[in-house]
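Right, one structure below, let's go through it.
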Amino acid sequence: MKTVSIWVVLTLVMASCTNRILDFTMVSSKNIDLSRGASFVRGKSRVTGEDKAHWIILPTSYGSIKEALDKAIESIPGCVALLDGVISTRYWYVPYVYGQHFAIVEGTPLIDPALSQIDQTYPTFGIIELNQNGGVTKIKEITEAEFNEVKFRKLK
């Protein structure tokens, strides 16, 4: 009986909940050139973006839906919006101790091929030079050891 009481109290103390906020057909936080809308391509797999806020003692902030949406869109090169998706929030909380609040956005990416560079293959380890407009001018493949040397030199 004592063990059951402890489990019931722990279950009540560690509260958690998920709320479905919105189902959407199309959503974006980016500027979209709709004049090229006919050339947009629907992505093949769904993407998810998540933003998290920490609660210490009392709930003080909440995960941002805009940040979660930005993370989902920016995870796919050339993505300008999400289609047929869901926005939800989730939290868990141990009262007066600690908790977390999450904003979650999931959907199918809408890709503008003019913005994506999906057709171009990049090496696993490489140095890519860009021009002032952000276009690729040179790609040089390097070894993993050379990559780590450059990476750790930049961190120092």
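Take the conditions (1) exposed (fewer than 12 other Cβ atoms within 10 Å of the Cβ); (2) touching a strand residue (DSSP E or B) at 6+ places or on another chain (Cβ under 6 Å); (3) in contact (Cβ under 8 Å) with a residue 12 or more places away in the chain; (4) not hydrophobic (A, V, I, L, M, F, W, C); LYS138 misses just one of them, which is (3). Within region 67-83, the set of residues being out of contact with any Phe, Trp or Tyr (no Cβ under 9 Å at 6 or more places or on another chain), in a helix (DSSP H, G or I) and either of a type in the set (Gly, Ala, Ser) or farther than 21 Å from LEU34 by Cβ (or both) comprises GLU67, LYS71, ALA72. Which of the residues that make up region 63-119 are among the hydroxyl-bearing types (Ser, Thr, Tyr) and touching a strand residue (DSSP E or B) at 6+ places or on another chain (Cβ under 7 Å)? Within region 63-119, SER64, SER75, SER88, THR89, TYR91, TYR93, TYR98, THR108 meet the criteria. Suppose we keep only residues that are at pLDDT 85 or above and part of a loop (DSSP other than H, G, I, E, B) within region 1-32. Which one would you say is farthest from PRO59 (Cα to Cα)? That would be ILE32. Considering (1) assigned to a strand (DSSP E or B); (2) touching a Lys or Arg at 6+ places or on another chain (Cβ under 9 Å); (3) surrounded by 13 or more Cβ atoms within 10 Å (Cβ to Cβ), the lone condition that GLY63 does not fulfil carries the number (1). Listed by first and then second residue, the pairs with beta-carbon distance under 8 Å, at least 6 apart or on different chains, first residue in region 111-130 and under 14 Å from VAL80 (Cβ atoms), second at pLDDT below 80 and part of a loop (DSSP other than H, G, I, E, B), are ILE111/ILE118.
The values are calculated or read from the model by the stated rules, or taken from the named source; none is laboratory data. Everything numeric in this text was worked out from a predicted model, so none of it was measured. A quick note on method: Cβ atoms are made from the backbone with ideal geometry, for glycine too, and the neighbour counts reach across all protein chains shown.
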